[in-house]
Structures are given as structure tokens and as C-alpha cells.
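K.L.:
Take a look at this one; I'll ask things after.
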Amino acid sequence: MGFVFSKSVNDSLRAQQEFMAMNSRLQLERQLLMQNQMRERQTAMQIAWTREFLKYFGTFFGLAAVGLTAGAIKKKNPGVLLPIVPLSFIFAYQYDMGYGTLLQRIKG
């Protein structure tokens, strides 16, 4: 009689362990899906922020380029145009980040 009882307890315990293993596997899969979603949302937010920043920086860069060009012509000194060089690198980086393939290249 004790053998029948211990056999049913063992079967019950085995079924419970299988259920717990399946449950933990499902929980892990859901966590991985949630992490991927959060990563994608964070990347989308970063791209959106960069595009918004690019609008303002592009306006500033355009005005600075026109102003510095006018100043260089007025003073007859091409050295006045030097600040355009670093500003153009910043502009190119931000453009590549917002509309280019910079994030894909970083991931690769």
C-alpha cells in the first residue's frame, strides 16, 4: 500500500517539475522578447531624437555657413571659414545617425 502512495507522489512530483521547467522556459522567452522590444524602442527613440536635433543643428549650420562666408568675403580673409570644417563633420555625423546607416554599422 505504501508503494502505491509513493508512486503517485513521485508521479505528481515529476509532473510538477516538468510544469515548473516549462513555466520557467516560457518566462525566459517572454523576457527575451521584452528585452528585444525595449532595445528596438530605445533605438527608435535615439533615431527620433537625432532627427529632431538635426533640424535645429542644420539650421544653425546653414546660417553659420552663410554668415562665415559673408564675413570671409567682407574681410577678404579665408581663415574666417575655418569653423565650418568641424561643424560640417558634426553635421555629417548627425545626418548619418538620423538618416544613414550608422546604427546598422555599429551593430555589425
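The values are calculated or read from the model by the stated rules, or taken from the named source; none is laboratory data. Quantities reported herein were computed from a predicted structural model and do not represent experimental measurements. These accessible areas exclude ligands, DNA and RNA; they are computed on the full protein's heavy atoms, side chains included. Shrake-Rupley method; radii C 1.70, N 1.55, O 1.52, S 1.80 Å.
K.L.:
For region 13-21, take each phi angle, set θ = phi - 60°, evaluate the Karplus expression 6.51 cos²θ - 1.76 cosθ + 1.60, and give the result in whole Hz per residue in order, putting x for glycine and proline.
P.N.:
My calculation for region 13-21 gives 5, 5, 5, 5, 5, 5, 4, 5, 5 Hz in order.
K.L.:
Among L68, L82, L13, which one shows the biggest mean-square fluctuation in a GNM of the chain, springs joining Cα atoms closer than 10 Å?
P.N.:
L13
K.L.:
Any chance you could look up the accessible area of V85 with a 1.4 Å probe, heavy atoms only, rounded to 10 Å²?
P.N.:
80
K.L.:
Cut-off 10 angstrom, C-alpha nodes, Gaussian network model of the chain. Which of M22, M38, M97 fluctuates the most?
P.N.:
Taking springs between Cα atoms under 10 Å, the residue moving most is M22.
K.L.:
Could you please state how large a percent of the accessible area of the chain is carbon and sulfur, counting protein chains only and using a 1.4 Å probe? Please list the in-between numbers first.
P.N.:
On the way: 6010 of 9120 Å².
Result for the chain: 66 percent of the exposed heavy-atom area is carbon or sulfur.
K.L.:
Can you tell me the 0 to 90 degree angle between the C-alpha axis of helix 84-99 and the longest principal axis of the chain, rounded to 10?
P.N.:
Approximately 30 degrees, to the nearest ten.
K.L.:
Could you report the chain's accessible area per residue, 1.4 Å probe, as an integer in Å²? Can you show the working numbers first?
P.N.:
Details: 9120 Å² over 108 residues.
In whole numbers, the chain has 84 Å² accessible per residue.
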